[in-house]
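**Student:** Attaching a single structure in C-alpha cells format; questions to follow.
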Amino acid sequence: MQKIKNKHSFWFKASILSIAIDSTVSGVVSGAIPLMVKSFPNAPQSIVESISSLPSLAIMLAVMISPFVTTKIGYKKTVLIGLFISFLAGIAPAFVPNIYLILGFRLIFGFGIGLLNPLSYSIVAFFYDGDERSQMYGLIGTVSNLASWILTGLVGVLLQYSWHYSFLTYFVLLAIMVLVYFVLPEMDIKTEKSNNSKANFLQMDHRVYYLAVVMFFLFMVWMTFNQKFGLLVTGKKLGDASQATYILSLTAPIGMIVGVFFGLLHKWLKNLLLPIAMLILAVAFIVTGSANSLVMAGLGVVLAAISFTCCSTSIFLRVSEITPKELNNAASSVELIVTNIGIFVAPYFMSMIGSLVGNGSSDMMLKICSIILIVMALCMFIGKFFYRSQSKTIQQEG
C-alpha cells in the first residue's frame, strides 16, 4: 500500500467524514414534492411522492454489491465512482421535464449512494484504531446530522424560486468528490487480506449477524417513534402537527452534539454503552407515550435522540472492532441492509402487533417498542455475563 499522508490532519479526516454526507442527501429534496405534484397534474400523486423513497430500493441493491466492488477496485475508486454517479443523477432532475425520467434518475442516484453507504465507517476502520476510531465514528453522526440540517435549509431557500433548483443541492457531492480525489490515498484492501481462514465473507464473526438483528429492531422501533410522534401529539391534543414536526426536527442537532462526545462516552462505558443507551431509549419511549404535555413529549424526544445516536454508533463501532479490516465494508453492508429492512417493515410489523394486542394507538405502540428495547438490553447484559463466565472457565482450564 502506498505511503499514507498524515491521517491525523484536519483535511484527511474531513475527506473521510464528508463521505458520511451521502447518508443524508437522499431525502433532502422531499420538500419539493408538493410543487412537483402541481407541475405534473397528469401523473398519479403516489408516483410523484416516490421521488423521496424510490432511491432506497437502489440503495439496498448497491449496498449488497458494494463489498464485492471494493474488493475488486479498492475503497477510493468505489467512493469516486459512487460520488460521480450520484452527482450526475442527483442534479439531472433540475433539467428534466418528464416525471418518469426524473424517477429513472432517482433510481440511478440511489445506486450511486448505495455504493458509498457503508464506506465512511469502513474507511475509518481502515485507518484508525482505539479511542481515535470511536471518536471518528461519533463524528460521522455529527457530520451526517449537520449536513441534513444545512442541506434541508438550502432546499427550502431554492424552492422559493423553483422545485427544479432544489436538486442543485447535490452539487455538494461534486465538492466531496474533489476533496476525496486530492486528499484521500488509495486503499488497496487486497493487500490487507489476512491469512486467517476466517477472513472470509461466509465465515464472518457470528456477532456481526447478532448485532444485525439488534440493528433491525433498533431502527424498526426508531422509525415507529418518528411515525407515531405526530399522531400522539395531535391525538392527545398536546399540540398541532407543525409543533410536532418542529420538535422532531431537534433530533438532528441533538445527534450532532452527541456525536462530538461519543468518543468520551465510549471510552468511559466501553461495551456497556450500547445496552445502557438502549434502556434509556426505552425510558424515553415510555416518557413520550405517557406525556400529558407538549413539554414532556419534547423531553422524551430529546432523551430518545441522545440514546438512539449512542445505540446506532455503538453498533457500527463494535462491528468494526470484531471484524478484520478487509471485511469491514462487508460487515457494514450487512448492518445497513438490515437497517433498511427494519425501516421498511416498521409500519407493517407494528400494525400486526397492534392487531394482536387489540390496541393500535400511538402511545401503546411506543410502549411496545420500549418492551422490545428492554428485552434486547437484558439479553445483552445476560450474554455479557455468560461470555465472561465462559472466558474465565477456559482460562482456568488452560
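**Student:** For the range 275-326, I need the span (max minus min coordinate) of the C-alpha atoms along each principal axis, in Å, sorted largest to smallest.
**Tutor:** Rounded to whole Å, the extents work out to 50, 14, 11 Å.
**Student:** Sticking with this structure for a sec: For the range 1-131, what mean projected area does the convex hull of the alpha carbons give, in nm²?
**Tutor:** 9.4
**Student:** Mind scanning Lys13/Lys76; Lys13/Lys270; Lys270/Lys384; Lys236/Lys367 and naming the pairs with a C-alpha gap bigger than 18 Å? Before the final figure, lay out the partial values.
**Tutor:** Numbers: Lys13/Lys76 14 Å; Lys13/Lys270 23 Å; Lys270/Lys384 12 Å; Lys236/Lys367 16 Å.
Correct reply: Lys13/Lys270.
**Student:** Right, here's the next one. So, R0 is 30 Å and r is the distance between the beta-carbons of Leu101 and Phe68; what FRET efficiency does that work out to, to 0.05? Write out the running numbers ahead of the final one.
**Tutor:** Details: r = 29 Å, r/R0 = 0.98.
E(calc), rounded to 0.05, equals 0.55.
**Student:** Which residue fluctuates the most in the chain, going by a Gaussian network model with Cα springs under 10 Å, if the choices are Lys384, Lys270, Lys236?
**Tutor:** Judging by the Gaussian network model, the answer is Lys384.
**Student:** Also, quick follow-up: Given Cα positions, please report Rg to Rh for the chain, the hydrodynamic radius being the Kirkwood one.
**Tutor:** 0.97
**Student:** Based on the Cα gyration tensor of the range 257-398, what are the three equivalent ellipsoid semi-axes, each the root of five times an eigenvalue, rounded to whole Å and given largest first?
**Tutor:** That gives 30, 18, 18 Å for the three semi-axes.
**Student:** Label-point separation (nm) for Leu264 and Glu49, each offset 7 Å from Cα along Cα-to-Cβ?
**Tutor:** About 4.4 nm separates the two model spin labels.
**Student:** In whole Hz and in residue order, list the ³J(HN,Hα) couplings for the range 95-109 that follow from phi through the Karplus curve 6.51 cos²θ - 1.76 cosθ + 1.60, θ = phi - 60°; x for Gly and Pro.
**Tutor:** Each residue of the range 95-109 in turn: 10, 10, x, 10, 4, 6, 5, 4, 5, x, 5, 5, 5, 4, 4 Hz.
**Student:** For a paramagnetic label modelled at 7 Å from the Cα of Gln160 toward its Cβ, which residues of the range 84-107 fall within the zone defined by backbone nitrogen distances under 11 Å?
**Tutor:** none
**Student:** Which whole-Hz couplings ³J(HN,Hα) result when phi for each residue of the range 269-284 is put into the Karplus expression 6.51 cos²θ - 1.76 cosθ + 1.60, θ = phi - 60°, listed in order with x for Gly and Pro?
**Tutor:** Going residue by residue, I get 9, 6, 6, 6, 4, 5, x, 5, 4, 5, 5, 5, 4, 4, 4, 4 Hz, with x marking Gly and Pro.
**Student:** Run through every distinct alpha carbon pair of the range 232-337 and return the Kirkwood hydrodynamic radius in angstroms, one decimal place.
**Tutor:** Hydrodynamic radius (Kirkwood, Cα pairs) of the range 232-337 is 15.2 Å.
**Student:** Pick from Thr313, Thr152, Thr245 the residue whose mean-square fluctuation is largest in a GNM of the chain, springs joining Cα atoms under 10 Å.
**Tutor:** It is Thr245.
Readers should treat all values here as calculations from the given coordinates under stated rules, not as data from a laboratory. What you see is a predicted model, and the numbers here were worked out from it, not measured in a lab. Cβ coordinates were reconstructed from backbone atoms using ideal geometry, including for glycine residues, and neighbour counts include every protein chain displayed.
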